[in-house]
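Just below is one structure, and these are the notes that go with it.
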Amino acid sequence: MDHTVTRRSVVALAAAGLAGCLGSDSNGHEEEKDEDDDTDHDGGGDSRPPEPPERDLDPDWETASTFRSWLLEDTAMDGNRRFDYTEVFPEETDLGEGFPDGLGISTETVDGHLVQSFTQVFFGRFDAAAILENVADADDVEEVDEYAGYAVLEDEVRGETRRIAVGESAIVVGDDYERRIDAHRGEYERLEEADPEFTHLFRQLPHDETVTAHYGPPMADNVDIDGIYLWGVSSESPTADELTWVFVFAREEDLTEETVSGLETISGDVVESSMEGRTAIVVGAPPDA
């Protein structure tokens with residue numbers, strides 16, 4: 001599975017439920033491993049270049065896509081805070097794989113899927129009471145707690161305990177469910193509140209349907225550019241023929257026409273590219289590989 005810059009990687013994560021071609025973490029979730037890649041994939045350490053100038057920018061939470069309020073700066077893994085979000089699922093996607101049947105997770109019940117630092121959030125309209133009834137007699141899952149209106153379930157995956165918080169509009173899978181729920185409610189610091197550069201990034205990305213972003217440069221061998229503070233890519237769907245990449249640099253002097261030419265190699269066929277201040281935008285086809 002490609003965990004670099006292609007939009008198809010988001011659906012691969014969603015369809016697999018973070019299972020398959022991965023290596024396990026403490027929650028029974030898994031992360032892709034590449035022995036030849038020493039890039040921080042949201043693991044130990046921090047891949048950010050020097051801090052950029054302070055940007056006076058506040059997100060408009062009234063109009064922002066819902067998933068943005070669930071993003072954390074202090075994730076379970078400190079690394080690059082990578083997240084993958086999609087609300088468009090190809091027919092072959094099996095969102096329920098790896099989860100208790102009683103949750104009823106499927107492309108029919110889920111409107112969006114977010115992954116950040118092993119935690120997954122499924123968005124939709126869920127009948128929490130019916131879910132609790134469905135799992136009440138199950139041998140592999142039990143209700144263990146309640147938090148801010150969410151029923152907290154517990155199951156076991158590969159010998160490790162996993163927490164699942166079930167609400168009417170979201171199901172959160174991950175040990176940091178309390179912080180995620182609090183952040184969504186505005187009672188805990190969100191990623192954009194900690195770093196306005198992400199708010200700037202969201203304003204440059206033209207799509208809400210499918211989005212990936214993280215600190216540092218893309219994990220792509222053909223993009224060897226210094227000074228990228230963070231980047232993101234968006235499209236109308238995970239399998240779209242045209243993507244928009246946005247690169248935000250820490251220093252304006254690091255972004256030149258030559259730099260943009262190097263960034264264009266991320267696309268299999270560039271439609272257009274531009275630069276302004278510390279931001280570069282590339283629009284084009286998915287990577288060839």
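Worth pointing out:
- Residues that are of a type outside the set (A, V, I, L, M) and without any contact (Cβ under 8 Å) to a residue 60 or more places away in the chain number at least 2 in the following strands (runs of 3 or more DSSP E) confined to the stretch 79-155: 110-116, 119-124, 141-147.
- Within the stretch 236-289, the set of residues being outside any strand (DSSP E or B) and among the hydrophobic types (A, V, I, L, M, F, W, C) comprises Ala240, Ala250, Leu255, Val260, Leu263, Ile266, Ala285, Ala289.
- Any hit, the stretch 216-224, residues being in contact with a strand residue (DSSP E or B) (Cβ under 9 Å, 6 or more places away or on another chain) and at positive phi: yes
- Meets criteria (open to solvent by less than 40 Å² (accessible area, probe 1.4 Å), out of contact with any helix residue (DSSP H, G or I) (no Cβ under 6 Å at 6 or more places or on another chain) and within 17 Å of Phe198 (Cα to Cα)) for Ala285: no
- Residue within the stretch 51-58 that is open to solvent by less than 20 Å² (accessible area, probe 1.4 Å) and either out of contact with any strand residue (DSSP E or B) (no Cβ under 9 Å at 6 or more places or on another chain) or closer than 25 Å to Asp175 by Cβ (or both) present: no
- Criterion violated by Tyr85 - all others in (1) of a type in the set (Ser, Thr, Tyr); (2) out of contact with any strand residue (DSSP E or B) (no Cβ under 6 Å at 6 or more places or on another chain); (3) under 25 Å from Phe202 (Cβ atoms) satisfied: (2)
- Residue, surrounded by the fewest Cβ atoms within 10 Å (Cβ to Cβ), within the stretch 237-264, restricted to residues that are among the β-branched types (Val, Ile, Thr) and under 21 Å from Pro206 (Cβ atoms): Thr239
- Looking across the stretch 103-122, the residues that are open to solvent by less than 20 Å² (accessible area, probe 1.4 Å) and either more than 19 Å from the chain's Cα centre (by Cα) or not aliphatic (A, V, I, L, M) (or both) come down to Leu103, Gly112, His113, Gln116, Ser117, Thr119, Gln120, Phe122.
- All positions within the stretch 62-91 that are over 16 Å from Ala183 (Cα atoms), among the acidic types (Asp, Glu), surrounded by fewer than 22 Cβ atoms within 10 Å (Cβ to Cβ) and at pLDDT 90 or above: Glu87
The values are calculated or read from the model by the stated rules, or taken from the named source; none is laboratory data. The shown structure was predicted, so the numbers you read here are calculated from the model rather than taken from an experiment. In this analysis, Cβ positions are derived from the backbone assuming ideal geometry, glycine residues included, and neighbour counts consider all displayed protein chains. Heavy atoms of the whole protein, side chains included, go into the accessibility calculation; ligands, DNA and RNA do not. Shrake-Rupley method; radii C 1.70, N 1.55, O 1.52, S 1.80 Å.
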